[in-house]
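First the structure, in the form of structure tokens, and then the observations on it.
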Amino acid sequence: MGLFSFIFGAKKRQVEDYLKNGAVILDVRTHREWDLGHIENSVHIPLDVLQHRVNDVKALNKPVIVCCESGVRSAKAAKFLNLHNIEATNGGGWVRLQDKL
């Protein structure tokens, strides 16, 4: 097993575990990106307003899988949420994440 397979396999298992525990999918892309397509039943809070809406995420009272276009913004968002005692993981790009659902 190569390093990339190990890393990405672990991420896939983590996303699967979150889904088994009733996780909410949080999309942190812009409104324009969201309007072009998104995962059905996901929650939309753009990254640039997430700091003002952290209590909305806490109120969900569920683990969170964060997604964006490529995984960069969702990584930042997941780290931010973890710092605010919210169980969150980076799900990466929304299209790839959607394929796992």
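FYI, it's all coordinate maths here, none of it is from the lab. Bear in mind that the values here come from a model prediction, so they are computed numbers and not experimental data. Neighbour counts run over all protein chains shown; Cβ positions are idealised from the backbone, glycine included.
Exposed loop sites here are GluC sites (Glu not before Pro) in DSSP loop states with at most 14 other C-beta atoms within 10 Å. What is the longest stretch of the chain lacking them? Can you show the working numbers first?
Working: sites that count: E40, E87.
Formally, the longest exposed-site-free interval is 41-86.
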5 angstrom amide H check on V24, placed H, neighbours 5+ away:
V64, I65
With Cα extents along the principal axes in Å in mind, check [x] 48, 35, 34; [y] 43, 31, 24; [z] 42, 31, 21 and report the label derived from this structure.
[z]
Count the lysine pairs in the chain that are 8 or more places apart or on different chains: how many have C-alpha atoms under 15 angstrom apart?
8
Taking the Cα centre as origin and putting +1 on Lys and Arg beta-carbons and -1 on Asp and Glu beta-carbons, what dipole magnitude results for segment 3-100, to the nearest 20 debye?
280 debye
Per DSSP H run of at least 4 residues, take -39500 (n - 2.57); add these up for the chain, divide by its residues and hand me the 222 nm value, nearest 500 deg cm²/dmol.
-15000 deg cm²/dmol
Check G71: other-chain or 5+ apart residues with amide H under 5 Å from its amide H, H built from backbone geometry?
G93
Helix 72-83: angle to the longest alpha-carbon principal axis of the chain, degrees 0 to 90, nearest 10?
70 degrees
